[in-house]
1. What's the number of the only condition in (1) assigned to a strand (DSSP E or B); (2) closer than 25 Å to residue 199 by Cβ that residue 31 fails to meet?
2. Can you tell me which of 187, 235, 205, 229 is part of a loop (DSSP other than H, G, I, E, B), in contact with a strand residue (DSSP E or B) (Cβ under 7 Å, 6 or more places away or on another chain) and buried (at least 21 other Cβ atoms within 10 Å of the Cβ)?
3. Select, from 63, 86, 133, the only residue that is at pLDDT below 95 and assigned by TED's automatic domain parsing to the domain that holds residue 48.
4. Return yes when residue 35 is touching a residue at least 60 places away in the same chain (Cβ under 8 Å) and loosely packed, with under 14 Cβ neighbours inside 10 Å and no when it is not.
5. What number of residues within region 214-226 satisfy the criterion of being over 24 Å from residue 177 (Cβ atoms) and either touching a strand residue (DSSP E or B) at 6+ places or on another chain (Cβ under 6 Å) or at pLDDT below 95 (or both)?
6. Within region 85-94, does at least one residue satisfy the condition of being touching a strand residue (DSSP E or B) at 6+ places or on another chain (Cβ under 6 Å), touching a residue at least 40 places away in the same chain (Cβ under 8 Å) and over 30 Å from residue 117 (Cβ atoms)?
7. Would you mention how many residues in region 134-173 are in contact (Cβ under 8 Å) with a residue 60 or more places away in the chain and not in a strand (DSSP E or B)?
8. Of all residues in region 226-249 being within 19 Å of the chain's Cα centre (by Cα) and touching a residue at least 40 places away in the same chain (Cβ under 8 Å), which is farthest from residue 43 (Cα to Cα)?
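The values are calculated or read from the model by the stated rules, or taken from the named source; none is laboratory data. What you are looking at is a predicted structure, and each value in this text was computed from that prediction instead of being measured. Glycine gets a Cβ as well: all are built from the backbone with ideal geometry, and neighbour counts include every protein chain shown.
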């Protein structure tokens, strides 16, 4: 999110902005194709020069950046650069301690590592998710706070810890221009989507299902969809036709 969030802030400040994205769509790692297309159009409409499939080779400048040179050889003049390339979990201390590593520091449902006297929480820790049936590692403020609470409570129980389980539904958000994206759950394994609302209205939501089970929801300027989806994640009893009909209150889906 950070590259597009900064791009939006820079455009609102009146600056010329070029975004270089190596993938074939923006937000490919964190959002579905419909959401990617929406934000692509949003940034272009605000005057961002958005380049997809563009790879940086190096920067030029003496004492300060003057240009970004792409692998294609094209030079893009610039006075400031933000490099947003994601993050890797800090695992060196865990490796020295002999802890198991699995896409970060391995932790069980109690936030314990492979050493029963060491706990791990936050962006660096992977943990089992009952909802998704696999291990996940989340990079978000809510996850870091809630998982740390579980780790702390279990540590305070003495010896090898208590039995408080961490299996919270993840959620994220991003503010760009006058648009708020709120996400509940993880959509990567979805094989069906339902659109509620119209992207052209800048108020809609995408609901992601896998084999009939609701996995995640992306809500654009739609706090009601965000709030209700938190209560519906994991459900297999959602009527897709009613869900797609904006004339039907979301409360009906809870009954």
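1. That leaves (1) as the condition not met.
2. 187
3. 63
4. no
5. Result for region 214-226: 1.
6. no
7. 1
8. The extreme case among them is 234.
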